[in-house]
Structure formats: C-alpha cells, structure tokens
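Asks: Below are the structure tokens for one structure; questions will follow.
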Amino acid sequence: MNITIDWLTKTTIQYFIKKINDGLSINRMDRCIEINFNATAPFPENLVPICGVIDYLKEIGFRIKVLYPKDSRLLQSGLSNPYKLPLNDYDLLSPTNRIWRYNTPEEVFKIVSAFVNHLNNKIVCAKGVVESFEWTINEIMDNVIQHSQSKYGYIMCTVYSNSHISVAIFDNGIGILQSFKGSKYRLRSPFDAIELAMRENTTRDPKIGQGNGMWGMKKIVNNNKGVLSITSSGVNISIDEHDTVLKHELKDKSIRMKTPYHLGTLVDFQFNCNNEICLSDIFGKNYEYTNLTLENLEDNQNRINVKISQFSFGCATRLAGESARNLVLNYLVQSNYSQIIILDFSGVSIIASSFADEFIGKLLQECGFIQFNNLIRITNISKENMSIINRSVMQRISEND
Ligand SMILES: Nc1ncnc2c1ncn2[C@@H]1O[C@H](COP(=O)(O)OP(=O)(O)O)[C@@H](O)[C@H]1O
Ligand SMILES: [Mg+2]
C-alpha cells in the first residue's frame, strides 16, 4: 500500500495509522508499505510516534519503504531507522534532531548525558533549566522501561533558535490506564489514569516507584511556563503555559486493528531555556540537585576543572569558541557563581584567534573584569596561546572604548 504524507502535524500519526488500517481492510495480505514524506518540518512530537509505529510494523513483519523529500533533515532524524547504541561517538556528539531508540538504563544514561552536554554547549540556560531538563527526561525515559511493557522507548529532542527545547518520548506499550490494572487504584477512563499518574506519590506499585516522575515533570514544566502534552490509551491531555488543561479523545476509535499508538504513551513537553526553574519550590526547601557533570569535574579544592583539550568541537573556529563560552557560562550558573572554574590548556597545541576571541574575549566581556578575575583561572597555557588570547582580549576591550 502507498501512503503519502504532505503535512506533519500532531494528528499525522492518526492519519498514518488510519491509512494502514484502511489498506489492511482492503487487502489483508498486503504487508508492504511505501510511505512518501513530502513534508519537512521535523518536530519531535510528530516524528517520534511515527518512528515508533514504523519500527513496530517492521517488527511484526511489514516491509516498509520510506521516500524522503530532498531536504534530508527527515532522513537524518532516523525516522525509519532510529539511532541505537552502541555506535560511534560522533552521533552522540550531536544528539539533537535525531530519534534514539533505547531499552536499558545504561542507554538512558548515555543518551541523557549526551543531551545535557549538548545543551550546555548550545545555549546559556537560566538557573535550574539544565538540571530540570536532565531530571525530567531521566524520569520519563525510565517510565518506559519500568511500566510500558514495550520493547523499546523512542526519544527526540530539538533545541530551537528561540531558546526553546522540545522533547518527545514515545513507547508502543500498554498505556497508562492499563498500567494501573492490578494496583489499588480503580480507574474508569484513560483521562482519569493520566491525571492520577500526574498526582504526587502515585505509583502503580510502591515496590517499584515513588510516584514522583510524572508529578515532578508537570510541576517543572509549569514552573518554567512551558507546555506539556500526554497521549496514552487513546486520549490526550495538554497543559499550556497558563496551566489551562485541554482534553480530547483520539479520532478513529472505530478502527479495528488496535495500533500501538492508541495503547502506548507519548509524552512531549517544551521548556523555555530563558525561564528560571526553582527546584526547591517544587521539591522542598532542603532539596539539592546532584549535578553529576559538575561533580565529575570538581577537584579536591572544590574547583571545576575544564580540560580544553577534551573539547569535542576543537579550538579552531568561532563556533567552537562560542560552544566553549556557553559551557563555562552554564557552569557558572549551575555552580551558583560560587566555585572557581579552571580552564586547563594543557595538551592544547595552537588555538585560533577567532576561538580565543569568541571564548575568552567575550567571556570576559560577559562576566565583567571583577567576576572573571574572581572565578576564572587559566592554567597550563603555552606562550603562543597566551599571546593569542592576550591579543584578542585587548582588541575586544579597545573596541568597547
Ligand atoms: N510509559 C508508561 N507506560 C505505562 N504506564 C506509565 C508510563 N509512564 C507512567 N506510567 C504510569 O504512571 C505511574 C506514575 O508514574 P511516575 O509518576 O513516574 O511514578 P513511578 O514511576 O514512580 O511509578 C506509573 O506508576 C505507571 O502506572
Ligand atoms: Mg517514574
């Protein structure tokens, strides 16, 4: 059967499933599907469930051929062949705009670390944003493993130029309503199930969970004035930035073949990286987030050691300098401006002046002389690199006169 998709919207997945079911009701023997994507907009919330369903159809024996438009962003997203671990490090260095398939806690850890690292390099985030992002995707990815009974989870994350991050996590599992079967909760509708899951301390099984994942996500997104949407067991609940709740049932309840999308779960949310998130407002005054990235960089004097030679993006371009600056600015925010950051240049041969300007020149400009002087140390730097940095800093200072 042939399916053509011209637009990608939130309802594309329903259209797609309806087409498959229509095709199957005409010819149940047709196990070949050709999908022609004319659309380009690669938003996580529509790509991830389509990817999950395609993957499921392949598992149950369908042969799927996907035609992509010239714009290869869809192809690169892994829509018909999601990214999987282990793979070469290169793909983990730019983890966004790709769909990742996972099924173990180790994979969750690697994928989350890659996202956090990427975010730290890409955008200077307001206080609490990176930590909340890390906490939330960990919880929701883990829910797939703990509760969905699906073979795999699928995640995609996109960082937009307006400083919004969009995340979608999908599974072909049993859905939230079904997950509560056998628990102490008696639920009638899938809406009640999603709402119950978002309540504090509500878990299907206290031996497995504490029931804070979905609740915490809702609180965090709300605190950030972000948006959240959960689709599970055939219904959707969306919560906007004003905390307005919208509920709707997915169309096409009539279709006979139960598709994984109707049963499974899609969680998608957007954060605004410029809006501070106060985790202690949510989890209580004494709550302290363990920032593993910073902890791993701390030396025995509580200073954060940044090894410039380990930058995956190198030291040769303006873009690399911008990533390095974003990283240090994020570490300053995350450490509450209370820890010294050491920029260790050992093992760095020669840096480009554009890198030096974008990294150190602009960092100094952004922090101001006093803060830079108090919190940033440059060590193990060669004479050549020192003079390159000195020159670019002088130039930047004189520019401002
Ligand atoms: N992907 C999912 N598939 C099925 N059920 C889910 C999924 N995610 C969450 N749930 C249900 O929602 C409940 C609440 O989830 P959460 O708040 O993360 O708490 P916990 O994971 O500690 O149980 C889970 O106990 C489970 O019943
Ligand atoms: Mg959980």
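Asks: Does a label point 7 Å from the Cα of ASP6, set along Cα-to-beta-carbon, have any residues of the range 28-60 with amide nitrogen under 12 Å, and which are they?
Replies: So the set is 38-39.
Asks: On to the next question. Quick one: Kirkwood hydrodynamic radius for the range 278-346, alpha-carbon pairs, angstrom, one decimal? Present the calculation step by step, with values, prior to reporting the outcome.
Replies: Details: mean 1/r = 0.0742 Å⁻¹.
Hydrodynamic radius (Kirkwood, Cα pairs) of the range 278-346 is 13.5 Å.
Asks: Name the long-range amide H neighbours of GLU34: under 5 Å, sequence gap of 5 or more, or other chain; modelled H, no Pro or chain starts.
Replies: Placed amide hydrogens put ASN2, ILE3, LYS65 under 5 Å from GLU34.
Asks: Taking a ≥ b ≥ c as the square roots of the eigenvalues of the Cα gyration tensor of the range 31-90, is the shape rounded (a/c under 1.5), prolate (a/b larger than b/c) or oblate? Before the final figure, lay out the partial values.
Replies: Numbers: a/c = 1.67, a/b = 1.08, b/c = 1.54.
Oblate, because a/c is 1.5 or more while a/b does not exceed b/c.
Asks: Assigning unit charges at the beta carbon (Lys, Arg +1; Asp, Glu -1) and nothing else, what dipole magnitude in debye, to the nearest 20, does the range 292-399 show about its Cα centre?
Replies: 200
Asks: Which whole-percent values make up P(r) of the chain when all C-alpha to C-alpha distances are grouped in 10 Å steps starting at zero?
Replies: Final binned percentages: 4, 21, 28, 22, 14, 8, 2, 0.
Asks: Can you show me the helix-derived [θ] at 222 nm for the chain, built from DSSP H runs with n ≥ 4 at -39,500 (n - 2.57) apiece and divided by the number of residues, rounded to the nearest 500.
Replies: Working: 17 runs with 166 residues, N = 401.
So the helix-based figure for the chain works out to -12000 deg cm²/dmol.
Asks: Rounded to the nearest 20 debye, what is the charge dipole size of the chain about its Cα centre when +1 sits on each Lys and Arg Cβ and -1 on each Asp and Glu Cβ?
Replies: Details: 42 positive and 41 negative charges, 258 e Å.
Approximately 1240 debye in magnitude.
Asks: For the chain, what is the relative contact order in percent, using Cα pairs closer than 8 Å and at least 6 residues apart in sequence?
Replies: 13
Asks: Mind checking the log10 I(q)/I(0) for the range 1-106 at q = 0.14, 0.23 Å⁻¹? Debye, one equal scatterer per Cα, no solvent, two decimals.
Replies: So the normalised log intensities are -0.57, -1.33.
Asks: Could you pull out the pairs from LYS225/LYS247; LYS218/LYS251; LYS219/LYS285; LYS18/LYS251; LYS307/LYS362 whose alpha carbons sit more than 21 Å apart here? Display every interim value, and only then the final one.
Replies: Details: LYS225/LYS247 19 Å; LYS218/LYS251 25 Å; LYS219/LYS285 15 Å; LYS18/LYS251 10 Å; LYS307/LYS362 19 Å.
Check vs 21 Å cut-off fails for LYS218/LYS251.
Asks: One-quarter of the Cα convex hull surface for the range 292-399, in nm²? Please report the intermediate quantities before stating the final value.
Replies: On the way: hull surface 25.6 nm².
Reported value for the Cα convex hull: 6.4 nm².
Asks: Can you give the Kirkwood hydrodynamic radius of the range 102-218 from its Cα pairs, in Å with one decimal? Spell out each step's value before the answer.
Replies: Values: mean 1/r = 0.0655 Å⁻¹.
Roughly 15.3 Å, rounded to one decimal.
Asks: Express the C-alpha Rg of the range 84-279 as a ratio against the empirical globular expectation 2.2 N^0.38 Å, rounded to two decimals. Intermediate values should be presented prior to the final figure.
Replies: Working: Rg = 16.4 Å, N = 196, 2.2 N^0.38 = 16.3 Å.
Against the empirical 2.2 N^0.38 Å value, I get 1.00 for the range 84-279.
Asks: Go through TYR154, TYR337, PHE283 and say which Cα lies farthest out towards the positive end of the charge dipole of the chain; charges sit on Cβ, +1 for Lys and Arg, -1 for Asp and Glu.
Replies: Ranked along the dipole, the leading option is TYR154.
Asks: Give me the net charge of ARG377's neighbourhood, meaning all other residues with Cβ under 11 Å from the Cβ of ARG377; Lys, Arg count +1, Asp, Glu -1. Could the numbers behind the result be given before it?
Replies: Working: positive: ARG303; negative: ASP344.
Charge balance in the 11 Å sphere: 0.
Asks: Once both axes come from the Cα atoms, what is the angle between helix 318-334 and the longest principal axis of the chain, in degrees from 0 to 90, rounded to 10?
Replies: Helix 318-334 and the main axis of the chain meet at about 80 degrees.
Asks: Within the range 55-166, what is the number of lysine pairs with alpha carbons under 19 Å apart, leaving out pairs fewer than eight places apart on the same chain? The partial results should precede the final answer.
Replies: On the way: LYS58/LYS84; LYS58/LYS151; LYS84/LYS110; LYS84/LYS151; LYS110/LYS122; LYS110/LYS151.
Taking the Cα cut-off of 19 Å, the pair count is 6.
Coordinate-derived values only; no laboratory data. All values derive from a computational prediction rather than experimental measurement. Neighbour counts run over all protein chains shown; Cβ positions are idealised from the backbone, glycine included.
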